[in-house]
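The values are calculated or read from the model by the stated rules, or taken from the named source; none is laboratory data. In this text the structure is predicted, and so the values were computed from the model without any measurement. Positions of Cβ are backbone-derived with ideal geometry, glycine not excepted, and every protein chain shown enters the neighbour counts.
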Amino acid sequence: MVHLKFSIRLTYEILGTPADFIFNIHAAATVRQTVLGENLQVSQPVALVLRPAPAANHRLLRLRAQPGTLRIDYRAEVLIDHCIAAPENIAESAVADLPAEVLPYLYPSRYCESDKLQALAIQSFGHLPKGYGRVEQIRRWVNQRTKFVSGSTTASTSAIDTLQQQFGVCRDFAHLMIALCRALNIPARFVSGLDYGADPMLGPTDFHAYVEVYLDGNWYMFDPSGTAMPMGFVRIGTGRDAADVAFATIFGQIRSEIPLLAIEPVIDPQRRCELPRHRGEALSTDTADRP
């Protein structure tokens, strides 16, 4: 179990006319991630609407901002109780046995063109024994052939683009791994959040994207970028790909500043919490009873 606290500051200048915002920055509440406390401060006196996203376990904040400066400050503390399992005991599930809420994560999506990668996936991974080990081989393949280059791609970069370019950021690694898993009939989904324990050489704390793959009744975490440690991940949004979980969707003319994020562990011996660390077991923080 780990106890983490984090903060997010977003700053915008709204130009000329009001602008509408949809934010996805609140910590998700799942069966294994408990939100212990949170605080939201908005610099403008505007109406706020916070609602669960349809068929998801994250929350969306909506508001209309007036011309001028808009600053969003969000802080939260979460307690994460990982499900820990031996990788060699985790099998793949037959499509016929998948829960209905898992099925959308088998299909191609905007950034994960799994239908166009089927031949490559079968050639590269179709001969491997099914199970957690095969998914880990996909993760390693994506990590080893793709170079992490900060700021190297755009919001339109897809899995096929990353396959061809062989470089990208965390969201690009995630899209490629998801597409390859789905091409093998393995449900996989995109998760946005923050991570504790990333290499400081990569720069200031930023939003992180990782992958969850449905195996044996749990969504297990994988980090194809290899830039962080899954035990230090805080879940914010979950979806088919990045299109479902952007931290901000904006309708209007604005100028934005670089987001300011921070995350750190909380020493919590009463709950027997430990510091995030790299470990070889399979980790899960959500189950299929939530989409």
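When A183 is tested against (1) without any contact (Cβ under 8 Å) to a residue 60 or more places away in the chain; (2) over 19 Å from the mean Cα position of the chain (by Cα); (3) surrounded by 24 or more Cβ atoms within 10 Å (Cβ to Cβ), only condition (1) is not met.
Looking at the range 116-149, which of its residues are part of a helix (DSSP H, G or I) and free of Cβ contacts under 8 Å to residues at least 12 places away in the same chain?
To start, the set of residues in the range 116-149 that are part of a helix (DSSP H, G or I) comprises 116, 118-125, 132-145.
Answer for the range 116-149, where residues must be part of a helix (DSSP H, G or I) and free of Cβ contacts under 8 Å to residues at least 12 places away in the same chain: A119, Q123, R140, Q144.
Only one of T205, T238, T249, T285 is surrounded by 22 or more Cβ atoms within 10 Å (Cβ to Cβ) and under 29 Å from D20 (Cα atoms); which? Checking each option against the conditions leaves just T238.
Just need a number here: residues in the range 230-261 that are part of a strand (DSSP E or B) and either under 30 Å from M1 (Cβ atoms) or small (G, A, S) (or both).
Residues flagged as part of a strand (DSSP E or B) and either under 30 Å from M1 (Cβ atoms) or small (G, A, S) (or both) within the range 230-261 amount to 11.
Only one of the listed residues (E77, E88, E92) is within 29 Å of G280 (Cβ to Cβ) and exposed (fewer than 15 other Cβ atoms within 10 Å of the Cβ). That residue is E88.
It is to be established whether one or more residues within the range 217-227 are over 18 Å from the mean Cα position of the chain (by Cα) and at pLDDT 90 or above. Within the range 217-227 (the criterion being over 18 Å from the mean Cα position of the chain (by Cα) and at pLDDT 90 or above), the answer is yes, since at least one residue qualifies. The residues of the range 53-85 that are touching a His at 6+ places or on another chain (Cβ under 9 Å) and closer than 16 Å to S192 by Cβ, listed by number, are H58, R59, L60, L61, Y74, A76, V78, I80. Given the condition assigned to a helix (DSSP H, G or I) and at pLDDT 95 or above, answer yes or no: does some residue in the range 182-200 qualify? There is at least one residue in the range 182-200 that is assigned to a helix (DSSP H, G or I) and at pLDDT 95 or above.
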